[in-house]
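The values are calculated or read from the model by the stated rules, or taken from the named source; none is laboratory data. Keep in mind the model is a prediction, meaning the values are calculated, not measured. Positions of Cβ are generated from backbone atoms using ideal geometry, with glycine treated the same way; all protein chains shown enter the neighbour counts. Ligands, DNA and RNA are excluded from the accessible area calculation, which covers all protein heavy atoms including side chains. Shrake-Rupley method; radii C 1.70, N 1.55, O 1.52, S 1.80 Å.
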Amino acid sequence: MPINLFSHGFLRQRTNILRLLGIAILVEWMTHASPHSLWSLSDWDHLIGLTLITSGLAIRSWAAGHIVKSDALAVHGPYAWVRHPLYLGSLLLLAGFAELLEDRLALVGVLLMFGLFYLPAMVREDRRLRDHFGQTWLSYQKETPQWIPNRWSQSSKTPQPPWNLYLWVNNGEWRIVTLSIFVVIALQIGGVL
C-alpha cells in the first residue's frame, strides 16, 4: 500500500521521524567531527548556525506566546506576518543545526523533510482552520502569507495583545528550547573531545 504523505497519521509522525533523524545526525557528527569549538568567532558556519537556531527559537517562542490552540484564531504577534510562524521557526531551527554540523547533506535533508512533512501539514492545517473558523479564516488567509512574510503587516499598526508566558509554557515551547540547548551543548562537548 503506498504511503499517503497527506494522511493525518503519517503527518503526525513527523516529530518522531525528525527526532530520530536528528539523533542519527548528531551521533554521526560526534563520531566524525574534527575537534573545534562552536563558539569560535572565526567559524562562519557556526555563527550562521547559532544565529539561525536563535532566530528559529525566537520566532517559535513568540508564536507560542500568542496562540490559543483551537479556541481562537491567532492573528497577532508573528501571526500578523505569516499564518504558520511555528513552521517557519522550525525550519530556521533545523537549518541552524544543519549549519552547525557543517554538513550540506544534513541541510538538504532538512529541506527535504520540510517539503515532505511541514508543507503538507500546513495545507492540512489551513483546511482545518478554514472549516473551524469559516469566513474569519478566509479573510485572514487572503491577507496573510502562509510562512514567508512578503509585506509589512497591516495588523502590526493596531494594538496587539502582549506575549503571554502562560501560553508559551502551556503550548510546550519550553521543551523545544530545552532540547535545543541540550543539543547545542552536546555538539560543543562532542566537538571538543
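A few comments on the model shown:
- When each of 168, 152, 174 is tested for being out of contact with any Gly (no Cβ under 7 Å at 6 or more places or on another chain), modelled with pLDDT of 90 or more, under 30 Å from residue 99 (Cα atoms) and open to solvent by 40 Å² or more (accessible area, probe 1.4 Å), the lone residue that passes is 174.
- Residue pairs whose Cβ atoms lie under 9 Å apart, separated by 6 or more positions or on different chains, with the first residue in region 114-139 and over 22 Å from residue 97 (Cα atoms) and open to solvent by less than 30 Å² (accessible area, probe 1.4 Å) and the second aliphatic (A, V, I, L, M) and part of a helix (DSSP H, G or I), are 120/11; 137/129.
- Region 50-79, subset of a type in the set (A, V, I, L, M, F, W, C) and free of Cβ contacts under 8 Å to residues at least 12 places away in the same chain, residue most open to solvent (accessible area, probe 1.4 Å): 72
- Unique match (being in contact with a His (Cβ under 9 Å, 6 or more places away or on another chain) and either within 29 Å of residue 145 (Cα to Cα) or at pLDDT below 80 (or both)) among 74, 95: 74
- Candidates are the residues of region 42-90 that are of a type in the set (S, T, N, Q) and outside any helix (DSSP H, G or I); the one that is nearest to residue 118 (Cα to Cα) is 70.
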